[in-house]
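First the structure, in the form of structure tokens, and then the observations on it.
The values are calculated or read from the model by the stated rules, or taken from the named source; none is laboratory data. Given the structure is predicted, the values throughout are model-derived calculations rather than measurements. All Cβ positions, glycine included, derive from the backbone under ideal geometry; neighbour counts span all protein chains shown.
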Amino acid sequence: MRWLFRFFSLWPLAALHALGGLLGWLVWAVSPAYRQQFRANVAQAGLSFEAARPAIAEAGRFVAELPRLWMRPPGQSCLGNVQLEGGVHAERAFGAGRGVIFFGPHCGSFELGPQALAELYGPRFGPITAIYRPARKPSLARLESLARDTPQLSVVPADLRGIRLMHKALKANRAAALLTDQVPPEGLGVWAPFFGKPAYTMTLAARLALQSGAALLPVSCERLPNGGGYILKIWPPVSSLTTDTLAAVTAINQAIEMIVLSQPGQYLWGYARYKTPRRPTPERAAAKEVP
């Protein structure tokens, strides 16, 4: 696995994206279930298939660009081909002294986003703590951990310890990062509207914000065509949060919808967003009680 990633890491970004586009269409061609889920989610969002059609290739491009991102030489910046928009929102949030929660959807280069944010803000405000689910394959999980854990980015698993570390970081006016459009285990979410249909949605970001007073900043990392790089955009903060968890989660979903509608050709429409949640492990169930 590692040698394969090393091989593709040497390819130009444009070539990787070309290969990834073919990979995306290959998956589309061989999987009727994927095609059905893709079309159903697009229709639920009120979009035409043509508006979302580029996302078929973009899903493959996400996979193809990982070797270049993960296997870059130690100390090499990932910001060389990243344009920043909306940085003023992050500066204001850090300036308020209450911590920052960067969140976003599975859209564009969502693997690059946290690493770019860490390089931008880690040196001044401390490492960003990002929560993730390790890959099931041990060799890939080890590669993920080595690639993601850097001096300015602390990756923690989605368990009790990881959530405590995120809360600790926010209390110290540092930042946390997470993807909020994935279905959590049963008991760790609420049913909240997403494009007009109830979707089981994690409460973690909302609870962390309500308990710590941290700012909630939506983030997207849009992939530009022809290997032209990326646009890392920090959107205006989610404001006027109440102590009602469902209302806060709904506001977060609305921010995710805004990002997806701004770049429908880069969202992972094939994800089963409206599925019934799985039962949690005892450790993840205990995470619901973490302050």
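Of Leu208, Leu140, all but one fail to be surrounded by 18 or more Cβ atoms within 10 Å (Cβ to Cβ) and not small (Gly, Ala, Ser); the exception is Leu208. Every test in (1) under 23 Å from Thr250 (Cα atoms); (2) part of a strand (DSSP E or B); (3) touching a strand residue (DSSP E or B) at 6+ places or on another chain (Cβ under 7 Å); (4) at pLDDT 90 or above is passed by Phe110 save one, and that test is (2).
Just the residues that are loosely packed, with under 12 Cβ neighbours inside 10 Å, of a type in the set (Phe, Trp, Tyr) and within 27 Å of Ala199 (Cα to Cα), please, taken from segment 3-48. Once the filter is applied, which keeps residues that are loosely packed, with under 12 Cβ neighbours inside 10 Å, of a type in the set (Phe, Trp, Tyr) and within 27 Å of Ala199 (Cα to Cα), segment 3-48 yields nothing. Considering Glu111, Glu119, Glu186, Glu144, which residue is touching a Ser or Thr at 6+ places or on another chain (Cβ under 7 Å) and of a type in the set (Asp, Glu)? Going through Glu111, Glu119, Glu186, Glu144 in turn, just one is touching a Ser or Thr at 6+ places or on another chain (Cβ under 7 Å) and of a type in the set (Asp, Glu): Glu119.
Scan segment 98-107 for residues that are within 18 Å of the chain's Cα centre (by Cα) and not in a strand (DSSP E or B) and jot them down.
Pro105, His106
For segment 32-52, a residue qualifies if it is small (Gly, Ala, Ser), in contact with a helix residue (DSSP H, G or I) (Cβ under 9 Å, 6 or more places away or on another chain) and free of Cβ contacts under 8 Å to residues at least 12 places away in the same chain, and the qualifying residues are Ala43, Ser48. Taken over segment 232-254, the criterion of being under 18 Å from Gly189 (Cβ atoms), surrounded by fewer than 22 Cβ atoms within 10 Å (Cβ to Cβ) and within 20 Å of the chain's Cα centre (by Cα) is satisfied by Val238, Thr250, Ala251, Asn253, Gln254.
I need the full set of residues from segment 1-53 which are outside any helix (DSSP H, G or I) and of a type in the set (S, T, N, Q), in order please. Matches in segment 1-53: Ser31, Ser48. Just so you know, in segment 54-97 the residues that are in a loop (DSSP other than H, G, I, E, B) and in contact with a Leu (Cβ under 8 Å, 6 or more places away or on another chain) include one that is surrounded by the fewest Cβ atoms within 10 Å (Cβ to Cβ), and it is Asn81. Determine whether Ala45 is within 22 Å of the chain's Cα centre (by Cα) and under 22 Å from Ile128 (Cα atoms). So Ala45 does not fit the description; no. Picking from Arg136, Arg142, Arg161, Arg72, which residue would you name as being farther than 25 Å from Gly60 by Cα, modelled with pLDDT under 95 and charged (D, E, K, R)? On inspection, the qualifying residue turns out to be Arg161.
Counting only residues that are among the aliphatic types (A, V, I, L, M) and under 15 Å from Tyr271 (Cβ atoms), which one in segment 7-42 is farthest from the chain's Cα centre (by Cα)?
Among those that are among the aliphatic types (A, V, I, L, M) and under 15 Å from Tyr271 (Cβ atoms), it is Ala33.
Exactly one residue out of Pro32, Pro105, Pro54 is within 30 Å of Gly213 (Cβ to Cβ) and at pLDDT 95 or above, and it is Pro105. Counting the residues of segment 222-231 that are surrounded by fewer than 23 Cβ atoms within 10 Å (Cβ to Cβ), more than 12 Å from Ser262 (Cβ to Cβ) and either basic (Lys, Arg) or in contact (Cβ under 8 Å) with a residue 24 or more places away in the chain (or both) gives 4.
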